[in-house]
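J.: Quick one: this structure, given as structure tokens, is what I'll be asking you about.
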Amino acid sequence: MNSEHNVVQIALFTALIAALGLVPQLTLAFGVPITAQSLGIMLCGTVLGARRGGLAALLFIGLVALGLPLLAGGRGGLGVFTSPTAGFALGFPVAAFATGWVMERLSGVTVVLAAGIAAVLGGVVVLYAFGISGMAIVLGRSLTEAALLVTAFIPGDAVKAVLAGIITAALYRARPHSVFSRS
Amino acid sequence: MISLTSPVKTRAHGWPAGGKLLALCVVSVVLFAVPDLMFQFAAAMSVVLLYALPGRVFLRHGLRRIWPLWPFVVVLLVWHVFTDAWAEGVVIALRMLTAVALANLVTMTTSLQAMMDVVSWLLRPFARFGVNVRAIELAAAMVIRFTPVLGEKGTALALAWRARSRRPAGWRVIVPFMVLALDDAGHVSEALRARGGIEMDKKS
Amino acid sequence: MSDCQGVGIHVKSPFMSDISPLLRLDVVDLRIDGRDVLRGITCVSDARRIAVLGRNGSGKTTLARVMAGLKAPTGGTVHIAGVDVARDRRGALGAVGILFQNPDHQIIFPTVGEELSFGLSQMGMTKVAVTDRVEQVLAQFGKSAWHDAAIYQLSQGQRQLVCLMAILAMAPKVIILDEPFAGLDIPTMMHLSRVLESTDAALVHITHDPRIVAHYDHVLWIEGGAVQMQGAAAEVAPAFEAAMTELGKRDDLSDIAG
Amino acid sequence: MSDCQGVGIHVKSPFMSDISPLLRLDVVDLRIDGRDVLRGITCVSDARRIAVLGRNGSGKTTLARVMAGLKAPTGGTVHIAGVDVARDRRGALGAVGILFQNPDHQIIFPTVGEELSFGLSQMGMTKVAVTDRVEQVLAQFGKSAWHDAAIYQLSQGQRQLVCLMAILAMAPKVIILDEPFAGLDIPTMMHLSRVLESTDAALVHITHDPRIVAHYDHVLWIEGGAVQMQGAAAEVAPAFEAAMTELGKRDDLSDIAG
Ligand SMILES: Nc1ncnc2c1ncn2[C@@H]1O[C@H](COP(=O)(O)OP(=O)(O)OP(=O)(O)O)[C@@H](O)[C@H]1O
Ligand SMILES: Nc1ncnc2c1ncn2[C@@H]1O[C@H](COP(=O)(O)OP(=O)(O)OP(=O)(O)O)[C@@H](O)[C@H]1O
Ligand SMILES: O=C(O)CCCC[C@@H]1SC[C@@H]2NC(=O)N[C@@H]21
Ligand SMILES: [Mg+2]
Ligand SMILES: [Mg+2]
């Protein structure tokens with residue numbers, strides 16, 4: 001694996017997160033969208049592994065900050081980082097990294113299962129921790145109050161974690177060398 | 001790729017991006033430090049004035065961009081009316097709206113290239129610690145390349161599916177789609193390498 | 001029956017009312033992004049070997065997509081073996097198959113076996129029947145060993161062969177070939193020609209090499225998205241070749257490949 | 001000086017010590033996934049027109065990648081114009097350019113202008129110089145209007161031309177062409193042949209059509225990843241063609257196309 005491939009692979013997954021933003025979103029009553037982009041974050045970790053996956057999500061957030069409309073619903077710009085969803089956005093790179101980190105530790109488990117578990121721990125637990133903190137700060141609420149709001153995402157994110165497992169396993173079958181978290 | 005820079009040219013388009021970003025940081029910190037109703041109200045009004053200066057089109061554009069925040073405003077107000085602390089609710093809502101609007105203002109008046117230049121400038125000191133600035137710039141360019149190409153590949157794949165199936169391609173093309181994308185990444189990296197790649201400066 | 005007219009003029013043959021012709025394009029127009037990529041293409045033919053000749057960018061691939069029903073024309077209609085391919089997708093599946101110009105745009109699955117099975121199971125075949133048919137087609141090309149081969153390990157020409165096998169397996173009435181020989185070596189080309197010659201399907205062969213299709217029944221020469229000339233191969237192919245060679249001799253390339 | 005040997009046997013010519021030959025492959029091996037894709041390929045030549053012939057899957061594209069320094073051989077060394085292309089990437093940029101078999105695998109940027117500019121700015125040219133050079137190359141092909149054209153709107157053949165222009169712009173000493181004519185129409189092919197003939201660069205032309213390279217200085221015939229025969233075109237090309245035609249006549253295809 002040369003460094004060009006590295007960079008291109010990272011850019012590819014960044015674009016993939018962006019492309020998943022085009023999947024129609026559903027905005028919940030209190031303003032945070034249910035988005036396929038968190039599936040993209042999970043895949044960054046399960047396929048690319050901790051370092052590369054984290055960098056892909058970091059690049060995504062960086063480009064959003066620069067003013068590219070890559071977030072679900074064509075949003076972007078610096079305003080994202082002062083809005084109530086800022087915690088989620090800032091948590092994307094950490095969540096991708098955590099997903100990949102878990103994935104790399106689970107090398108003894110089958111790919112489907114490992115990716116599913118990693119997606120739950122990184123793409124749900126870690127991401128929610130950031131998201132909840134962000135909402136608590138911007139909305140001036142306590143952590144428990146903010147945590148109550150995000151329970152609405154749990155069913156959707158459970159489905160996404162399962163999908164991440166299935167997709168990663170299928171990719172591993174088709175292109176074993178491209179699933180870095182395993183090689 | 002469309003960026004969020006406003007097509008309506010303002011005087012602020014000409015100001016140095018670094019200065020705008022620094023100002024934004026300072027103002028945001030102050031906004032969060034002063035929980036005073038009158039102060040927040042004055043700040044909000046000043047931002048509305050800033051948006052109104054370049055004219056109607058710009059103002060409407062800006063308002064549309066903060067519109068998605070309305071559910072938060074409603075939740076905050078309802079909540080604080082219930083807990084009998086409406087003044088606090090208004091402060092938090094105003095602060096949130098002002099902070100987002102100001103940040104959007106910077107985005108709307110700064111070109112993508114100007115932003116990238118600031119990032120490159122900020123990253124330069126880190127080059128000594130092994131951060132490959134060229135690679136980051138190239139990666140950003142690649143994302144801008146890949147996003148439409150992914151769409152195109154998706155269309156091509158959907159066509160290939162349609163050519164041999166009576167049902168339209170559904171979720172089952174996700175994996176082949178990603179496989180195609182991974183292969184494409186392989187080819188692009190090879191093409192990149194064929195024309196110098198990103199490691200040229202490191203004598204390997 | 002082979003009755004084709006130039007741009008826009010279409011005289012209905014008296015035989016056509018009872019049995020529908022294999023190929024029938026009625027003043028087909030296609031506009032993409034405000035650009036007329038196809039303009040008034042009319043062709044009615046029952047010929048079993050039809051060639052489409054044209055320069056790069058003349059609209060051959062676009063026409064192929066329209067004929068396969070993958071793109072609905074913005075004007076006019078397309079019928080293959082009586083099926084309105086753009087609307088009736090179920091019917092289209094048995095009527096027409098298409099070999100894409102670029103194999104990477106055609107291949108959906110990671111292994112050869114899966115790729116060949118897909119179309120067959122989409123046609124409603126049982127699993128057992130699909131397995132049998134796939135093995136049969138692979139054997140016909142001496143490629144039984146390829147069943148579990150990963151497609152990414154095959155060379156460009158090998159992928160092309162996979163695509164062709166996938167279509168032949170489905171046995172449609174008309175097969176559209178978009179430059180099928182472009183990447184193939186001589187032995188494979190010779191063998192494919194024989195396979196294609198012996199197939200029951202009618203062929204619409206897209207190419208820019210007039211020599212390959214010199215013995216075809218009907219030739220359609222496309223230029224800038226419109227029919228430049230059509231008729232018997234003996235007439236059209238040499239005219240095309242002469243025009244191309246003439247163009248190629250010019251030093252000024254301003255209107256070439258344009 | 002053109003001094004090439006068969007598999008594994010490599011006699012150093014007395015002239016070679018002072019000036020490095022244009023092309024120099026020393027017992028090149030390549031193993032991918034436990035498979036020997038290239039086996040002991042040796043070739044030292046200063047010929048300005050070199051052809052690589054071989055069947056589908058014989059290893060031509062893989063050899064091209066190794067010669068361009070995109071893949072490091074697992075055994076042996078590759079030097080182009082004295083540069084160890086796998087290691088010295090900066091040096092390789094001025095020494096060798098490669099035209100990929102599939103244009104979609106080569107094009108990185110969304111518009112023609114950007115695609116042509118990239119390689120030049122990678123070479124360290126100033127912005128102004130890059131702009132000038134891009135315009136000059138486009139004009140040479142009568143394609144100045146293409147500067148801002150979106151690549152996705154171009155046909156396959158048009159994309160191929162873009163790739164070739166991008167390489168010619170960089171003016172490397174050796175250009176590797178992986179089946180450059182496969183998708184091109186006659187006029188464009190004739191024009192390209194003239195452009196290639198007149199270029200100062202040495203050419204390594206990969207193809208499976210022996211007729212195209214009949215007048216070349218040196219021909220390398222690859223079979224199963226190893227050199228089958230090499231030498232003057234007058235000798236190798238007809239031998240290759242005869243062998244291929246013979247193979248194509250067989251009905252049993254079990255050993256065809258790989
Ligand atoms: N999506 C699109 N938008 C706009 N124009 C397009 C699009 N796709 C194709 N075209 C244009 O339509 C014309 C015909 O393209 P097409 O691919 O059908 O050519 P072709 O005859 O198959 O060429 P080739 O021999 O090079 O494969 C070209 O000039 C091309 O630029
Ligand atoms: N990544 C890979 N892993 C394993 N085998 C590979 C890989 N890439 C190529 N091969 C094998 O190497 C052989 C040579 O492939 P290559 O693409 O070099 O052939 P080619 O001579 O260019 O053929 P064509 O004329 O069809 O383009 C093929 O048999 C192919 O199956
Ligand atoms: O678009 C943004 O501003 C960030 C939104 C983040 C939405 C989060 S991601 C985890 C959780 N699951 C969802 O479907 N939505 C939220
Ligand atoms: Mg075409
Ligand atoms: Mg090849």
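J.: Please find, among C:115, C:135, C:179, the residue that is away from ligand 3 (no atom under 16 Å from the Cβ), of a type outside the set (Phe, Trp, Tyr) and touching a Cys at 6+ places or on another chain (Cβ under 9 Å).
T.: Going through C:115, C:135, C:179 in turn, the sole match is C:115.
J.: Given (1) in contact with a helix residue (DSSP H, G or I) (Cβ under 8 Å, 6 or more places away or on another chain); (2) away from every other protein chain (no Cβ under 13 Å); (3) more than 14 Å from ligand 3 (Cβ to nearest atom), identify the lone condition not met by residue A:144.
T.: In the conditions (1) in contact with a helix residue (DSSP H, G or I) (Cβ under 8 Å, 6 or more places away or on another chain); (2) away from every other protein chain (no Cβ under 13 Å); (3) more than 14 Å from ligand 3 (Cβ to nearest atom), residue A:144 misses (1) alone.
J.: Just one of B:77, B:105 is surrounded by 24 or more Cβ atoms within 10 Å (Cβ to Cβ) and more than 7 Å from every other protein chain (Cβ to nearest Cβ); which is it?
T.: Criteria check complete, one pass: B:105.
J.: If you don't mind, there's one more thing I want to ask. Here are B:169, B:158, B:163: which of them is surrounded by 23 or more Cβ atoms within 10 Å (Cβ to Cβ) and in the same structural domain as residue B:137 (by TED's automatic domain parsing)?
T.: The unique qualifying residue is B:163.
Conditions (1) without any contact (Cβ under 8 Å) to a residue 60 or more places away in the chain; (2) among the small types (Gly, Ala, Ser), marked per residue:
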position: C:41; (1), (2): no, no
position: C:48; (1), (2): no, no
position: C:56; (1), (2): no, no
position: C:61; (1), (2): no, no
position: C:67; (1), (2): no, no
position: C:75; (1), (2): yes, yes
position: C:83; (1), (2): yes, no
position: C:86; (1), (2): yes, yes
position: C:95; (1), (2): no, yes
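J.: Could you list, in sequence order, all residues of segment C:71-83 that are more than 12 Å from residue B:162 (Cα to Cα) and within 14 Å of chain B (Cβ to nearest Cβ)?
T.: Those that are more than 12 Å from residue B:162 (Cα to Cα) and within 14 Å of chain B (Cβ to nearest Cβ): C:72, C:80, C:83.
J.: Quick one: how many residues across segment B:128-147 are within 22 Å of residue B:184 (Cβ to Cβ) and among the polar types (S, T, N, Q)?
T.: Residues that pass the stated criteria total 1.
J.: Any residue at all in segment C:183-202 that is more than 16 Å from ligand 4 (Cβ to nearest atom), within 15 Å of the chain's Cα centre (by Cα) and in contact (Cβ under 8 Å) with a residue 40 or more places away in the chain?
T.: yes
J.: Here is a further query. Please find, within segment C:94-112, the residue that is nearest to ligand 4 (Cβ to nearest atom) out of those that are over 20 Å from residue C:50 (Cα atoms) and either β-branched (Val, Ile, Thr) or part of a helix (DSSP H, G or I) (or both).
T.: That would be C:105.
J.: Can you name the number of the only condition in (1) of a type in the set (Ser, Thr, Tyr); (2) in contact with a Leu (Cβ under 9 Å, 6 or more places away or on another chain); (3) more than 8 Å from chain C (Cβ to nearest Cβ) that residue D:188 fails?
T.: Looking at each condition in turn, residue D:188 falls short on (3).
J.: Also: So how many residues does segment A:95-148 have that are of a type outside the set (S, T, N, Q) and under 18 Å from residue A:32 (Cβ atoms)?
T.: 24
J.: Next question. With the condition being modelled with pLDDT of 80 or more and among the acidic types (Asp, Glu), I'd like the helices (runs of 4 or more DSSP H) fully within segment B:109-204 carrying at least 2 qualifying residues.
T.: B:174-194
J.: Moving to a separate point now. Of all residues in segment A:1-17, which are over 17 Å from residue B:179 (Cα atoms) and either surrounded by 24 or more Cβ atoms within 10 Å (Cβ to Cβ) or of a type in the set (D, E, K, R) (or both)?
T.: Of everything in segment A:1-17, those that are over 17 Å from residue B:179 (Cα atoms) and either surrounded by 24 or more Cβ atoms within 10 Å (Cβ to Cβ) or of a type in the set (D, E, K, R) (or both) turn out to be A:4, A:7.
J.: Same structure again: Taking only pairs six or more apart or across chains, which ones have beta-carbon atoms under 6 Å, a first residue in segment A:140-156 that is surrounded by 16 or more Cβ atoms within 10 Å (Cβ to Cβ), and a second residue that is in a loop (DSSP other than H, G, I, E, B) and among the aromatic types (Phe, Trp, Tyr)?
T.: Going by the 6 Å Cβ cut-off, the qualifying pairs are A:149/A:30.
J.: Same structure again: Given the condition surrounded by fewer than 21 Cβ atoms within 10 Å (Cβ to Cβ), of a type in the set (A, V, I, L, M, F, W, C), closer than 18 Å to residue A:126 by Cα and within 12 Å of another protein chain (Cβ to nearest Cβ), answer yes or no: does some residue in segment A:162-178 qualify?
T.: Within segment A:162-178, not a single residue is surrounded by fewer than 21 Cβ atoms within 10 Å (Cβ to Cβ), of a type in the set (A, V, I, L, M, F, W, C), closer than 18 Å to residue A:126 by Cα and within 12 Å of another protein chain (Cβ to nearest Cβ).
J.: For residue D:247, are the conditions met, namely being surrounded by 16 or more Cβ atoms within 10 Å (Cβ to Cβ) and modelled with pLDDT under 90?
T.: In short, yes.
J.: Scanning segment A:157-183 for residues that are in a helix (DSSP H, G or I), at pLDDT below 90 and among the small types (Gly, Ala, Ser), which turns out farthest from ligand 1 (Cβ to nearest atom)?
T.: Here the answer is A:181.
J.: Do we have any residue at all in segment B:137-150 that's of a type outside the set (Asp, Glu) and more than 21 Å from residue A:21 (Cβ to Cβ)?
T.: yes
J.: I've got another one for you. Only one of D:128, D:134 is surrounded by 20 or more Cβ atoms within 10 Å (Cβ to Cβ) and either under 22 Å from the mean Cα position of the chain (by Cα) or part of a helix (DSSP H, G or I) (or both); which?
T.: The unique qualifying residue is D:134.
J.: Check off (1) among the aromatic types (Phe, Trp, Tyr); (2) in contact (Cβ under 8 Å) with a residue 40 or more places away in the chain; (3) away from chain A (no Cβ under 13 Å) for residue B:51 and give me the number that stays unchecked.
T.: The number of the failed condition is (3).
J.: Related question: Take residue B:167 and tell me if it is out of contact with any Cys (no Cβ under 6 Å at 6 or more places or on another chain), closer than 18 Å to residue A:58 by Cβ and among the charged types (D, E, K, R).
T.: no
J.: Separate question: Return the residues of segment B:119-146 that are of a type in the set (S, T, N, Q) and within 11 Å of chain A (Cβ to nearest Cβ); say none if nothing qualifies.
T.: The answer is B:132, and nothing else.
J.: Does residue A:175 qualify as being among the basic types (Lys, Arg) and within 19 Å of the chain's Cα centre (by Cα)?
T.: Answer is no for this residue.
J.: Determine which single condition residue C:142 fails, assuming it passes every other condition in (1) more than 13 Å from chain D (Cβ to nearest Cβ); (2) farther than 27 Å from residue B:149 by Cα; (3) among the small types (Gly, Ala, Ser).
T.: (1)
J.: Let me ask something else. Quick check: is even one residue across segment D:166-174 closer than 13 Å to residue D:116 by Cβ and within 14 Å of chain C (Cβ to nearest Cβ)?
T.: yes
J.: Could you figure out which of (1) in contact with a Leu (Cβ under 7 Å, 6 or more places away or on another chain); (2) more than 8 Å from every other protein chain (Cβ to nearest Cβ) isn't true of residue A:49?
T.: Going through (1) in contact with a Leu (Cβ under 7 Å, 6 or more places away or on another chain); (2) more than 8 Å from every other protein chain (Cβ to nearest Cβ) one by one, residue A:49 breaks only (1).
J.: When segment A:136-154 is examined, which residues are found to be under 26 Å from residue A:43 (Cβ atoms) and either at pLDDT 90 or above or under 14 Å from the mean Cα position of the chain (by Cα) (or both)?
T.: A:147, A:153, A:154
J.: When you look at residue B:14, is it without any contact (Cβ under 8 Å) to a residue 12 or more places away in the chain and either farther than 30 Å from residue B:85 by Cβ or surrounded by 12 or more Cβ atoms within 10 Å (Cβ to Cβ) (or both), yes or no?
T.: For residue B:14, the condition - without any contact (Cβ under 8 Å) to a residue 12 or more places away in the chain and either farther than 30 Å from residue B:85 by Cβ or surrounded by 12 or more Cβ atoms within 10 Å (Cβ to Cβ) (or both) - is met.
The values are calculated or read from the model by the stated rules, or taken from the named source; none is laboratory data. Just so we're clear, the structure is a prediction, and the values are computed from it rather than from any experiment. Here the Cβ is made from the backbone with ideal geometry for all residues, glycine too, and neighbour counts use every protein chain on show.
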